[in-house]
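Participant: One structure follows; several queries about it will come next.
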Amino acid sequence: MDQSKTPVLDALAAYHAAGQTPFTPPGHKQGRGADPRVRAVLGDDVFRSDVLATSGLDDRTSSHRVVEEAQELMADAVGADHAFFSTCGSSLSVKSAMLSVAGPHEKLLVGRDAHKSVVSGLILCGIRPVWVEPQWDAERHLAHPPSADAFEAAFEDHPEARGALVTTPTPYGTCSDLPAIAEVCHRRRKPLIVDEAWGAHLPFHPDLPTWAMDAGADVCVTSVHKMGSGLEQSSVFHLQGDLVAPEVLKSREDLLGTTSPSVLVYAALDGWRRQMTEHGRNLYDHALALAADLRDRIDGIDGMHVHGRPDFCGPGKANDLDPLQITIDISDWQTTGYTAADWLRTHHRVNLHLADHRRISAQLTHADDQQTAKILLTALRDLAAHAPELRSGPRVDVPPPAELRLEQAALPRDAFFGPTEQVPCERAEGRIAAEMLTPYPPGIPAVLPGERLTGAVLAYLRTGVQAGMVLPDAVDTQATSIRVLRRH
């Protein structure tokens, strides 16, 4: 296909050139009704390009196939059979993929390091999860994606499972052995879903980890706003092979998705695909070189250790690493990543990708350059100079990896929608959680609905919040009380 074409952008330009007059939503009518104070911040072009997809970008019957052609170009660009755009983020895309493979009360193998959007899908769909354990790094208190052997064992124990879902890369950039996991699934004629939200860039450079479609995945979900040039909420899910029917995947997306998709998001997706096909190799040549240089320089700062392949990859660990995720261990300073991240925002206006009990992380993309690298280095060097001042903060009581794993005592859906009560944290041990408790970022739940709470995990969450951990999905975000199933 002609990858220089941009159907959505071209249709939007034609809409403007034709002088169309809408008597349809959006109600701001090309920005004429928007408050000038809002336009002063957002700009007039945002409103001018905020049009309907049908009876706007395309005609009433979508006869020009504007969005359809853009999706076909995306699939062609990355080697998939089909691509579907989502303007509701990968949180919707991954639910659509799950519903295409398993239905209520059916089993799906799921890596326990899944994002909260996967757990939300389990709750909404009534799917019965079979948890597949991540590969735990006990020394660093970090989870890497589950191994192919772990999925093999799970299928042996649950041969009726409809398929498998794995998250790779993780927010820390660690990757699973996708070809091996795909082989485990396909030997049984079971589909593999890959939540590759952090991997939209992977198809466009050979020195990046293998992208899911090349590894043999059946459905792959990507968040183009994370590592690409998409606007927030832009996601694409890709399909190949014959284990999931495209009409089924599309119908599940239609069930969950909005009937008012954002043309702004479509247009940015369209333009990013063209940018990557024409310039992606060169852009990532520069990005990878910048990342390598930054890694060396940051690792030379006293008290900072940049995690690389020797730390994260190997037997019992991850299979590969995206070097654009620069994860920095600062545990020598006897402080938390939460404290360090807050300090950097306050003193240098630098916002980090994620922070945990001992690490901070900076995400690079093709958009970074020497100027942004200089800002990051300056901030990190100043942080190191003030490290002694950061040691007075509270500590996080992180249990051993085995104690982080909780018993699944009820289905997530049954626990979430069941009769509940709010109990003080000190009385929650042994009770069954009825809510997600998710340190964010990166958004991997520490507690799922239906899991039996333990003292070790409750202490981890309480001390984590006191040290700066954020639990946005908890009823009580301070974790002084927990929502649990009511006892009969």
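The values are calculated or read from the model by the stated rules, or taken from the named source; none is laboratory data. The model shown is predicted, which means the values in this text are computed figures rather than measured ones. Here Cβ is always computed from backbone atoms with ideal geometry, including for glycine, and neighbour counts include all displayed protein chains.
Participant: Being touching a strand residue (DSSP E or B) at 6+ places or on another chain (Cβ under 6 Å), within 28 Å of Leu344 (Cα to Cα) and not hydroxyl-bearing (Ser, Thr, Tyr) narrows it down to one of Pro424, Pro401, Pro472, Pro441, so name that one. Walk me through how you get there before you give the answer.
Facilitator: On the way: Pro424 fails: within 28 Å of Leu344 (Cα to Cα); Pro401 fails: within 28 Å of Leu344 (Cα to Cα); Pro472 fails: touching a strand residue (DSSP E or B) at 6+ places or on another chain (Cβ under 6 Å).
Residue meeting the stated conditions: Pro441.
Participant: Could you grab me the full set of residues in the stretch 174-183 that are surrounded by 24 or more Cβ atoms within 10 Å (Cβ to Cβ) and over 16 Å from His238 (Cβ atoms)?
Facilitator: Thr174, Cys175, Ser176, Ile181
Participant: Another one. Got a sec? Which of Thr24, Thr87 is modelled with pLDDT under 95 and more than 23 Å from Glu253 (Cβ to Cβ)? Don't jump to the end; show me each part of the working.
Facilitator: Working: Thr87 fails: more than 23 Å from Glu253 (Cβ to Cβ).
Matching residue, one of Thr24, Thr87: Thr24.
Participant: Still on this model: Among the residues of the stretch 445-457 satisfying the criterion of being buried (at least 21 other Cβ atoms within 10 Å of the Cβ) and not acidic (Asp, Glu), which is farthest from Ala340 (Cα to Cα)?
Facilitator: Taking the stretch 445-457 first, the residues buried (at least 21 other Cβ atoms within 10 Å of the Cβ) are 445, 447-451, 453, 457.
Okay, now just the ones that are also not acidic (Asp, Glu), so 445, 447-450, 453, 457.
Working: Pro445: 22, Val447: 25, Leu448: 28, Pro449: 31, Gly450: 34, Leu453: 30, Val457: 23 Å.
Ranking the candidates gives Gly450 first.
Participant: Being outside the structural domain of Val224 (by TED's automatic domain parsing), part of a loop (DSSP other than H, G, I, E, B) and of a type in the set (A, V, I, L, M): is that true of Ala340 here?
Facilitator: On the way: outside the structural domain of Val224 (by TED's automatic domain parsing): yes; part of a loop (DSSP other than H, G, I, E, B): no; of a type in the set (A, V, I, L, M): yes.
No.
Participant: Going through the stretch 234-251 one residue at a time, which ones are surrounded by fewer than 21 Cβ atoms within 10 Å (Cβ to Cβ) and within 12 Å of Ser86 (Cβ to Cβ)?
Facilitator: Within the stretch 234-251, just Lys250 meets the criteria.
Participant: For Gly271, only one of the following conditions fails: (1) at pLDDT 95 or above; (2) surrounded by fewer than 20 Cβ atoms within 10 Å (Cβ to Cβ); (3) out of contact with any Leu (no Cβ under 9 Å at 6 or more places or on another chain); (4) in a helix (DSSP H, G or I). What is its number?
Facilitator: The failed condition is (3).
Participant: From His186, His225, grab the single residue that is under 20 Å from Trp272 (Cα atoms) and either surrounded by fewer than 23 Cβ atoms within 10 Å (Cβ to Cβ) or in contact with a Lys or Arg (Cβ under 9 Å, 6 or more places away or on another chain) (or both). Before the answer, list the steps.
Facilitator: Details: His186 fails: under 20 Å from Trp272 (Cα atoms).
Exactly one of His186, His225 is under 20 Å from Trp272 (Cα atoms) and either surrounded by fewer than 23 Cβ atoms within 10 Å (Cβ to Cβ) or in contact with a Lys or Arg (Cβ under 9 Å, 6 or more places away or on another chain) (or both), namely His225.
Participant: Restricting the first residue to the stretch 453-467 and requiring it to be farther than 14 Å from Pro424 by Cα and assigned by TED's automatic domain parsing to the domain that holds Glu426, which pairs with a second residue that is surrounded by 18 or more Cβ atoms within 10 Å (Cβ to Cβ) and polar (S, T, N, Q) meet a Cβ separation below 6 Å and a spacing of at least six or different chains?
Facilitator: Ala467/Thr336
Participant: Determine which member of the set Ala379, Ala433, Ala385 is farther than 30 Å from Leu294 by Cα and without any contact (Cβ under 8 Å) to a residue 60 or more places away in the chain. Spell out how you get there, then give the answer.
Facilitator: Numbers: Ala379 fails: farther than 30 Å from Leu294 by Cα; Ala385 fails: farther than 30 Å from Leu294 by Cα.
After ruling out the rest, the residue left standing is Ala433.
Participant: Any idea how many residues of the stretch 345-374 are more than 22 Å from His141 (Cβ to Cβ) and either among the polar types (S, T, N, Q) or in contact with a strand residue (DSSP E or B) (Cβ under 8 Å, 6 or more places away or on another chain) (or both)?
Facilitator: Here is the first cut: in the stretch 345-374, the ones more than 22 Å from His141 (Cβ to Cβ) are 345-351, 364-374.
Next cut, either among the polar types (S, T, N, Q) or in contact with a strand residue (DSSP E or B) (Cβ under 8 Å, 6 or more places away or on another chain) (or both) only: 346, 351, 364-365, 370-372.
Total meeting the criteria: 7.
Participant: Next question. Would you mind finding the one in Pro134, Pro169 that is crowded, with 22+ Cβ neighbours inside 10 Å and without any contact (Cβ under 8 Å) to a residue 24 or more places away in the chain?
Facilitator: Numbers: Pro169 fails: without any contact (Cβ under 8 Å) to a residue 24 or more places away in the chain.
Sole residue among the options that is crowded, with 22+ Cβ neighbours inside 10 Å and without any contact (Cβ under 8 Å) to a residue 24 or more places away in the chain: Pro134.
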